[in-house]
1. Given the conditions (1) surrounded by 13 or more Cβ atoms within 10 Å (Cβ to Cβ); (2) under 21 Å from the mean Cα position of the chain (by Cα), report the number of the one that W144 does not fulfil.
2. Of everything in region 88-111, what is among the polar types (S, T, N, Q) and closer than 15 Å to R180 by Cβ? Give them in sequence order.
3. Which pairs do you get when a residue that is at pLDDT 95 or above and part of a helix (DSSP H, G or I), found in region 252-275, comes within reach of a residue that is surrounded by 24 or more Cβ atoms within 10 Å (Cβ to Cβ) and hydroxyl-bearing (S, T, Y), reach meaning Cβ atoms under 8 angstrom, with the pair 6+ apart or on two chains?
4. Would you point out which residue out of Y103, Y129 is more than 20 Å from A42 (Cα to Cα), within 19 Å of the chain's Cα centre (by Cα), surrounded by 15 or more Cβ atoms within 10 Å (Cβ to Cβ) and not basic (K, R)?
5. Go through the residues of region 110-127 one by one and say whether even a single one is under 20 Å from S7 (Cα atoms), β-branched (V, I, T) and assigned to a helix (DSSP H, G or I).
6. What's the total number of residues in region 276-306 that are under 27 Å from A128 (Cβ atoms), outside any helix (DSSP H, G or I) and more than 23 Å from the chain's Cα centre (by Cα)?
7. So which helices (runs of 4 or more DSSP H) are wholly in region 171-246 and hold at least 1 residues that are modelled with pLDDT of 70 or more and surrounded by 15 or more Cβ atoms within 10 Å (Cβ to Cβ)?
8. If we keep just the residues of region 259-294 that are more than 17 Å from S143 (Cβ to Cβ) and of a type outside the set (S, T, Y), which is surrounded by the fewest Cβ atoms within 10 Å (Cβ to Cβ)?
Amino acid sequence: MPLTLDSILTLPPPLQTGISPKVANGLAFAFAASYVGSLYIAPLIPWAGRPLKGTTAEDSASRIPLGHRDHPTTMRMRMRAVSMATRLSLAGVFWTVKTVGNYDVRGALVPTLDLLGLRSSALQMPFAYLLAPTLFLGPLVASWFDGTLPGQAKFGPFHWGLAERRNYLVGPVTEELLFRSCIIGVSILGGLPASWLVFGTPLWFGLAHAHHALQTYRDGGKTHDALLRAGLGCMFQMSYTTLFGWFASYLYIRTGSVLPPIVSHVFCNMMGIYGPGTASRRHPNHKLAISVAYLGGIAGFIWGLTKF
């Protein structure tokens, strides 16, 4: 799989002086820290918990304690906070481009949008949008046997509430704009190699999810067992978020667009983790079909990576 940048990410002459790798990594750290930090600063901001239209009943009915990540008020506060952190990080990239290239405000707009992957939709590269569904062929087949896919009997009505807004809209969009667009953008300005863009920058994404261990520890009563579960859960979550980050970063540098990573992120969040062992236990009469689908999905995904 080629680790080369799409032409849209090639720096124009005014930006080729770039920034130092140390500054690039410093900005990446600042962006990642602002995202995670905003989750904990949000409760201290008076306007952050302001009720949103249509959600007050959900607040009053919730049995989840205030401060838990799944409490409606906490979700609203955090969504506002990460949205603000993302906007500030995007502004930080714009200011860096403007300063390095000695542009005026209007002149800095196009090179910033290019660097952030916001000027291309990559629709000429359909494989970029099909890779995630291909990888999930096994879970999709298992879900079909479950009868839970759209149009099937057990699909049921889809509820669009605060949790869905967080998981399928605000979370994927803000995370990809910050951890892909902003961090890869300043890394390109820093002259960091394509291998670092794909395999190094996602480490920020993985580390940014480590804070979930704190919630697990609190929910478990702050016991020794809770600490152990939090540690193991943290390692698992950091592992799969880093793996997804490798994939999303590759999509980004090969397409020059943040849209394929966002769409893939939304799809993966909707699918969740559905292992082949679970699928086979649920449908013992279809073990062969499930195994072929899982293996075929992995093979198709690897093949597809080479096609754009």
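The values are calculated or read from the model by the stated rules, or taken from the named source; none is laboratory data. Note that the coordinates shown come from a computational prediction; the quantities given were computed from them, not determined experimentally. Don't worry about glycine lacking a Cβ; one is built from the backbone with ideal geometry, like all the others, and counts go over all protein chains shown.
1. The failed condition is (2).
2. S89
3. Y252/S181; P260/Y252; P261/S249; P261/Y252
4. Being more than 20 Å from A42 (Cα to Cα), within 19 Å of the chain's Cα centre (by Cα), surrounded by 15 or more Cβ atoms within 10 Å (Cβ to Cβ) and not basic (K, R) holds for just one of Y103, Y129, which is Y129.
5. yes
6. Adding up the residues that qualify gives 0.
7. Correct list: 171-176, 183-189, 194-199, 202-208.
8. Across region 259-294, the extreme among qualifying residues is L288.
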